[in-house]
Amino acid sequence: MGGNDDHAANVLARVRLLARVGEILGAGPVREDALRRVAELLATGLGAQCAFDLADEQGALTRRIATPDDFPVSPDAPHGPAIVLRTREPELCREHLCVPLIAGGAALGALTLRADALGPLELELGAEIARRVAAALDAGRTEDRYRMLFDASPMPMWVYDADTLAFLDVNDAAVRHYGYSRDEFLGMRIIDIRPPEDVPAVLEDVKARGGPGAPNAKIWRHVRRDGTLIDVEITAGRIRFEGRKAALVLAHDVSERMRLERRLADAEKMEAIGRLAGGVAHDFNNLLTVIAGYAEILQDRDGGEEAAEISRAAGQAAALTHQLLAFSRRQVLHPRVLDLNEIVAGMETMLHRIIGDDVIVATRLAPRLAPVEADRAQLERVILNLAANARDAMPDGGALTIETANVDFDVRYGEIEPGEHVLLAISDTGHGMDERVTKHLFEPFFSTKETGTGLGLATVFGVVKQSGGAIYVYSEPGRGSTFKIYLPAAERAPLAAAPAAEDRDGRGSETVMVVEDDPGVRELVRLMLEANGYAVLTAADAGEAAGLCAAHAIDLLLTDVVMPGVNGSDLARRLTALAPAMRVLFMSGYSDEAVHRHGELSGSEAFLEKPFTERGLTRKVREVLDSP
Ligand SMILES: Nc1ncnc2c1ncn2[C@@H]1O[C@H](COP(=O)(O)OP(=O)(O)OP(=O)(O)O)[C@@H](O)[C@H]1O
Ligand SMILES: [Mg+2]
């Protein structure tokens, strides 16, 4: 009976022992401290001495735990750990019991016990404990491997608590990329690395998804320790971390990509606005040609006050459409090879005058500046517009600096092609601008001033672009502004200004055929030419024009370039085949540069830009008729 009781007590003690071992191993990843506690438990519960030997990747054993410290069975003892590691079978001899630790098919090490009386019961118990220890060790090793992936990942990663949003763990890449130390990170919540204005959206996002973690990447803004904002693509997964609901986050910095995308979008936006503005200005020009032309005729007829008013208003409207054409890069430029230094120097006195006494104007002009090919008057307008803006930004005085320099780009820089360029930089010490303003700066009609038209910088933009250059702005609130214009350097040396074309009398008696689809413009041109002695035939389309050409001797064909169904240069080619002596003059609301670039004209043809006055028209007609 007593023997039975003994046995029962013994079994109970062992079951308890196993339960305790299970508790220790189940508490978390198993490392040395857990093994030590298991060893101590065996020592007290079983009265056994105990050792754990673990194998490294190459299979070499090291003693990790020994109770007592001088545990007598060495790893390579007969029937000891090295043997069981190889045979994968437990060994029981009188002095000790040795069991391999096997998990997932791998032998991880060995457990060795030493006690007075070792029998099958101890063997069974030892085997069971070894099995549990091995399983726990294996889980720990897997976690170590993941830990290594996390720590060594080149991409910033972190884990945060689903409920408190506090950082629970961060990797080295996050520390490097964000500039916070690990401890700083662990003292923060994920909303602390967001710009304050984004925090409500973050909280809303977490709530909407019923907790943290988003399988689909999403782009957010983060703040680095030094305050810089970065665009980050976030991918997150829900995990359990040390018993808590958490999210594992992968952060991919896409700031550079976003910057390029924004730049492209900006360029496309400006292109679209340019097309719209250019289209409106073009159609409006036709109307203005009619309005201004008839006003001129009325005025000539009876010298009326009212007609003069109409002329004046039409003149202002034409100036406005001109600015829009300038912005959309469709104004007529007269490029010459120029010395920018000379232009700036020539404007200094005028700049002093318009800028006022409390602003210092300084110039820093590079010696041996390369020439540029551009329209002189337009470049002066660019400088004037920039200087006027600078003055407006410095109501309490300051300094305006104009610099020139030779810059050689050996690789493409933004929209600037590689090669030699001339830089024109205009800086002020004024109130500067924030991002909201710099974003829209060059759009027509964007102004923050009560009386501003918002066309100043739109014109500058158009002129620079049409001249093959690029413009950049650098500004911050309270820090002044710098506008940098890069123009491609010209190969030829600057020429002296060409003499103005001599004024010709525009009258004549030749026969002119006007081909124009807009009836208003067609009639007006007829009136203007007839008033100056010409015989005029008019046609609305190609068919009509061909008919007239066959029936009459025509000296000059005056045709619109862009008409529905037919383009002016095709028409001219067809008609001059019928009448080889006939001269041709094209007219269009677009600049000759734009018309030529779009392939409508080849470049050598005579060209008249709309809107034109009677004088402008007849002078050009005369010039073409008189040309050799
Ligand atoms: N040097 C500068 N410093 C600060 N802000 C500037 C500067 N240059 C331009 N801006 C900002 O850009 C806006 C647009 O300038 P833009 O020259 O196109 O029009 P505007 O000056 O407002 O009108 P206008 O040229 O008809 O007087 C200005 O209203 C101003 O807010
Ligand atoms: Mg302005």
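The values are calculated or read from the model by the stated rules, or taken from the named source; none is laboratory data. The structure displayed is predicted, hence computed values, not measured ones. Cβ sites come from the backbone with ideal geometry, for glycine too, and all protein chains shown count toward neighbours.
Hey, can you tell me all the residues within region 284-332 that are under 30 Å from GLU443 (Cβ atoms), of a type in the set (Lys, Arg) and assigned to a helix (DSSP H, G or I)?
Our first condition is that a residue be under 30 Å from GLU443 (Cβ atoms); within region 284-332, this holds for 284-292, 312-332.
So of that shortlist, the ones also of a type in the set (Lys, Arg) come out as 312, 329-330.
Correct list: ARG312 only.
Of everything in region 431-441, what is more than 7 Å from ligand 1 (Cβ to nearest atom) and part of a loop (DSSP other than H, G, I, E, B)? Give them in sequence order. Spell out how you get there, then give the answer.
Going residue by residue through region 431-441, those that are more than 7 Å from ligand 1 (Cβ to nearest atom) are 434-436, 438-440.
Answer for region 431-441, where residues must be more than 7 Å from ligand 1 (Cβ to nearest atom) and part of a loop (DSSP other than H, G, I, E, B): just ASP434.
From the list ASP428, ASP410, ASP375, exactly one residue is in contact with a strand residue (DSSP E or B) (Cβ under 9 Å, 6 or more places away or on another chain) and near ligand 1 (Cβ under 10 Å from one of its atoms). Which is it?
Details: ASP410 fails: near ligand 1 (Cβ under 10 Å from one of its atoms); ASP375 fails: near ligand 1 (Cβ under 10 Å from one of its atoms).
So the residue among ASP428, ASP410, ASP375 that is in contact with a strand residue (DSSP E or B) (Cβ under 9 Å, 6 or more places away or on another chain) and near ligand 1 (Cβ under 10 Å from one of its atoms) is ASP428.
Hey, among ILE471, ILE485, which residue is buried (at least 23 other Cβ atoms within 10 Å of the Cβ) and either within 20 Å of ARG263 (Cβ to Cβ) or modelled with pLDDT of 90 or more (or both)?
Step by step, each of ILE471, ILE485 is checked, and only ILE485 is buried (at least 23 other Cβ atoms within 10 Å of the Cβ) and either within 20 Å of ARG263 (Cβ to Cβ) or modelled with pLDDT of 90 or more (or both).
Would you mind finding the one in VAL21, VAL38, VAL11 that is in contact with a strand residue (DSSP E or B) (Cβ under 9 Å, 6 or more places away or on another chain) and under 17 Å from GLU128 (Cα atoms)?
On the way: VAL21 fails: in contact with a strand residue (DSSP E or B) (Cβ under 9 Å, 6 or more places away or on another chain); VAL11 fails: in contact with a strand residue (DSSP E or B) (Cβ under 9 Å, 6 or more places away or on another chain).
Going through VAL21, VAL38, VAL11 in turn, the sole match is VAL38.
Determine whether region 283-294 contains at least one residue that is surrounded by 13 or more Cβ atoms within 10 Å (Cβ to Cβ), of a type in the set (Gly, Ala, Ser) and either without any contact (Cβ under 8 Å) to a residue 40 or more places away in the chain or under 19 Å from ASN385 (Cβ atoms) (or both).
no
With the condition kept exactly as written, say whether any residue in region 356-369 is within 16 Å of ligand 1 (Cβ to nearest atom) and surrounded by 15 or more Cβ atoms within 10 Å (Cβ to Cβ).
Yes, some residue in region 356-369 is within 16 Å of ligand 1 (Cβ to nearest atom) and surrounded by 15 or more Cβ atoms within 10 Å (Cβ to Cβ).
In this structure, is GLU348 outside the structural domain of SER481 (by TED's automatic domain parsing), away from ligand 2 (no atom under 16 Å from the Cβ), among the charged types (D, E, K, R) and over 35 Å from the mean Cα position of the chain (by Cα)?
Spelling it out, it is not the case that GLU348 is outside the structural domain of SER481 (by TED's automatic domain parsing), away from ligand 2 (no atom under 16 Å from the Cβ), among the charged types (D, E, K, R) and over 35 Å from the mean Cα position of the chain (by Cα).
With GLY469, GLY462, GLY480, GLY454 as the choices, which residue is closer than 19 Å to ARG275 by Cβ and more than 10 Å from ligand 2 (Cβ to nearest atom)?
Details: GLY469 fails: closer than 19 Å to ARG275 by Cβ; GLY480 fails: closer than 19 Å to ARG275 by Cβ; GLY454 fails: more than 10 Å from ligand 2 (Cβ to nearest atom).
Unique residue meeting the criteria: GLY462.
Evaluate region 462-478: report whether one residue or more is in the same structural domain as ALA370 (by TED's automatic domain parsing) and free of Cβ contacts under 8 Å to residues at least 12 places away in the same chain.
yes
I want to confirm something. Restricting to region 403-447 and keeping residues that are without any contact (Cβ under 8 Å) to a residue 24 or more places away in the chain and closer than 21 Å to ALA326 by Cα, which single residue is nearest to ligand 2 (Cβ to nearest atom)?
Restricting to residues being without any contact (Cβ under 8 Å) to a residue 24 or more places away in the chain and closer than 21 Å to ALA326 by Cα, the top hit is SER447.
If you check ALA201 against the conditions, is it closer than 30 Å to CYS50 by Cβ and small (Gly, Ala, Ser)?
Details: closer than 30 Å to CYS50 by Cβ: no; small (Gly, Ala, Ser): yes.
Criteria not met by ALA201.
Can you name the residue in region 442-457 that is hydrophobic (A, V, I, L, M, F, W, C) and either near ligand 1 (Cβ under 8 Å from one of its atoms) or buried (at least 23 other Cβ atoms within 10 Å of the Cβ) (or both) and, of all such residues, is nearest to ALA374 (Cα to Cα)? Walk me through it before giving the result.
Going residue by residue through region 442-457, those that are hydrophobic (A, V, I, L, M, F, W, C) are 442, 445-446, 455, 457.
Narrowing further to those that are either near ligand 1 (Cβ under 8 Å from one of its atoms) or buried (at least 23 other Cβ atoms within 10 Å of the Cβ) (or both): 442, 446, 455, 457.
Working: PHE442: 20, PHE446: 26, LEU455: 20, LEU457: 18 Å.
The selected residue is LEU457.
PRO418 fails exactly one of the following numbered conditions: (1) loosely packed, with under 13 Cβ neighbours inside 10 Å; (2) within 13 Å of ligand 1 (Cβ to nearest atom); (3) under 25 Å from the mean Cα position of the chain (by Cα); (4) not basic (Lys, Arg). What is the number of that condition?
(2)
Results for (1) surrounded by 13 or more Cβ atoms within 10 Å (Cβ to Cβ); (2) of a type in the set (Val, Ile, Thr); (3) modelled with pLDDT of 90 or more; (4) within 22 Å of the chain's Cα centre (by Cα), shown as yes or no for each residue.
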site	(1), (2), (3), (4)
HIS177	yes, no, yes, yes
LYS207	no, no, no, no
ALA247	yes, no, yes, no
ALA277	yes, no, no, no
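Could you go through region 91-99 and let me know if any residue there is among the hydrophobic types (A, V, I, L, M, F, W, C), over 18 Å from ALA39 (Cα atoms) and either in a helix (DSSP H, G or I) or assigned by TED's automatic domain parsing to the domain that holds ALA134 (or both).
To start, the set of residues in region 91-99 that are among the hydrophobic types (A, V, I, L, M, F, W, C) comprises 92-93, 97-99.
Those still in the list that are over 18 Å from ALA39 (Cα atoms) too: 92-93.
Restricting the remaining residues to those that are either in a helix (DSSP H, G or I) or assigned by TED's automatic domain parsing to the domain that holds ALA134 (or both) gives 92-93.
Checking region 91-99: at least one residue is among the hydrophobic types (A, V, I, L, M, F, W, C), over 18 Å from ALA39 (Cα atoms) and either in a helix (DSSP H, G or I) or assigned by TED's automatic domain parsing to the domain that holds ALA134 (or both).
Please pick out the residue among VAL460, VAL464 that is surrounded by 16 or more Cβ atoms within 10 Å (Cβ to Cβ), part of a helix (DSSP H, G or I), more than 9 Å from ligand 1 (Cβ to nearest atom) and at pLDDT 90 or above.
Working: VAL460 fails: more than 9 Å from ligand 1 (Cβ to nearest atom).
After applying the criteria, what remains is VAL464.
Can you find a residue in region 255-269 that is at pLDDT 90 or above and in contact with a strand residue (DSSP E or B) (Cβ under 6 Å, 6 or more places away or on another chain)?
Taking region 255-269 as the starting set, the residues that turn out to be at pLDDT 90 or above are 255.
If we keep only those that are in contact with a strand residue (DSSP E or B) (Cβ under 6 Å, 6 or more places away or on another chain) too, we end up with 255.
So far as region 255-269 goes, yes, one or more of its residues are at pLDDT 90 or above and in contact with a strand residue (DSSP E or B) (Cβ under 6 Å, 6 or more places away or on another chain).
Condition check ((1) without any contact (Cβ under 8 Å) to a residue 12 or more places away in the chain; (2) of a type outside the set (Asp, Glu); (3) at positive phi; (4) part of a helix (DSSP H, G or I)) across all residues:
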residue: VAL38; (1), (2), (3), (4): no, yes, no, yes
residue: LEU54; (1), (2), (3), (4): no, yes, no, no
residue: THR62; (1), (2), (3), (4): no, yes, no, no
residue: ASP70; (1), (2), (3), (4): yes, no, no, no
residue: GLU89; (1), (2), (3), (4): yes, no, no, no
residue: LEU111; (1), (2), (3), (4): no, yes, no, no
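Which condition number in (1) more than 8 Å from ligand 1 (Cβ to nearest atom); (2) exposed (fewer than 15 other Cβ atoms within 10 Å of the Cβ) is the one that ALA405 fails?
(2)
Out of region 12-30, which residues are closer than 21 Å to GLY47 by Cβ and either at pLDDT below 80 or not aliphatic (A, V, I, L, M) (or both)?
Here is the first cut: in region 12-30, the ones closer than 21 Å to GLY47 by Cβ are 12-24.
ARG14, ARG16, ARG20, GLY22, GLU23, listed by residue number.
Looking at (1) closer than 27 Å to ARG330 by Cβ; (2) aliphatic (A, V, I, L, M); (3) within 16 Å of ligand 2 (Cβ to nearest atom), which one does ALA374 not meet, given that it meets all the others?
(3)
Restricting to region 209-245, what's the tally of residues that are at pLDDT below 90 and in contact with a helix residue (DSSP H, G or I) (Cβ under 6 Å, 6 or more places away or on another chain)?
Result for region 209-245: 1.
Looking only at region 377-397, count how many residues are crowded, with 18+ Cβ neighbours inside 10 Å and in contact with a helix residue (DSSP H, G or I) (Cβ under 8 Å, 6 or more places away or on another chain).
10
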